[in-house]
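> Provided herewith is a single structure, encoded as structure tokens, for subsequent inquiry.
Only the coordinates and a few stated rules stand behind these numbers; no lab work does. Keep in mind it's a predicted model, so treat the numbers as computed, not measured. Here Cβ is always computed from backbone atoms with ideal geometry, including for glycine, and neighbour counts include all displayed protein chains.
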Amino acid sequence: MPLETALKTAQEAGLDLVEVAPEAAPPVCRVMDFGRYKYQLSKKNAESRKKSSVIEVKEVKFRPKTGEHDYQFKLRNIQKFLAEKNKVKVSLMFRGREIAHADLGQVLLERVRTDMADSAQVEQPPRLEGRGLIMILAPK
């Protein structure tokens with residue numbers, strides 16, 4: 001319908017004439033209450049934000065000489081973080097000449113991987129970055 005007729009129809013109804021698809025040929029317009037439409041959009045966006053969950057990346061640091069008790073304690077922390085649906089960055093830092101024994105670090109991270117196999121999946125396998133090994137675990 002012509003623009004003047006559409007504007008007159010919207011004005012008689014006490015509503016707004018809103019352009020819905022400006023790219024179309026001819027452009028598509030709609031008669032609606034624009035204030036109410038914007039309010040509903042904001043409510044829908046707020047609802048979707050409320051339902052979404054933010055996944056954090058928690059970090060647990062190991063050393064090549066980490067003792068058994070400390071290892072078990074850090075393993076429990078990893079399980080707690082995974083239970084909260086967070087990703088876990090397991091990092092193993094080398095100091096000084098420890099970097100010459102990077103294979104010991106690999107063994108430790110493999111042990112973490114096997115101990116957490118039931119509740120976590122490896123998102124990023126262990127890799128050497130600078131003076132440390134880094135592995136990322138995600139909840140199953």
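> Using a simple spin-label model with points 7 Å from Cα along the Cα→Cβ vector, what separation in nm is obtained for LYS61 and ALA24?
Label-label distance for LYS61 and ALA24, simple model: 5.9 nm.
> A further question on this structure: What is the gain in length, in nm to one decimal, between LYS38 and ILE99 on full extension, counting 0.36 nm per residue of separation less the C-alpha to C-alpha distance?
My answer for the length gained is 16.1 nm.
> Efficiency by 1/(1 + (r/R0)^6): what FRET value for LYS85 and GLU129, r their Cβ-Cβ distance, R0 = 30 Å, to the nearest 0.05?
Computed FRET efficiency for LYS85 and GLU129: 0.75.
> Neighbouring Cβ atoms within 10 Å as the yardstick, rank VAL18, VAL54 fewest first. If you can, show how the numbers build up before the last one.
Working: VAL18 14, VAL54 6.
Taking fewest neighbouring Cβ atoms as first place, the list is VAL54, VAL18.
> With 10 angstrom as the radius, rank LYS51, LYS87 by how many other C-beta atoms surround their C-beta, starting from the fewest.
Listed from fewest to most nearby Cβ atoms, that is LYS51, LYS87.
> When only Cα pairs under 8 Å and 6 or more residues apart are kept, what is the percent relative contact order across the range 44-140?
It comes to 30 percent, rounded to a whole number.
> Distance in nm between label sites at PHE73 and ARG111, each 7 Å beyond Cα in the beta-carbon direction?
1.6 nm
> Right, another one. Given the DSSP H assignment, sum -39500 (n - 2.57) over each helix run of at least 4 residues in the chain and divide by its residue total; what's the result at 222 nm in deg cm²/dmol, nearest 500?
Computed mean residue ellipticity for the chain: -13500 deg cm²/dmol.
> Moving on to the next point. What ranking of ILE136, ILE55 emerges when the number of other C-beta atoms within 10 Å of each C-beta is taken as an exposure proxy, fewest first? Before the final figure, lay out the partial values.
Details: ILE136 18, ILE55 11.
Least to most surrounded, the residues fall as ILE55, ILE136.
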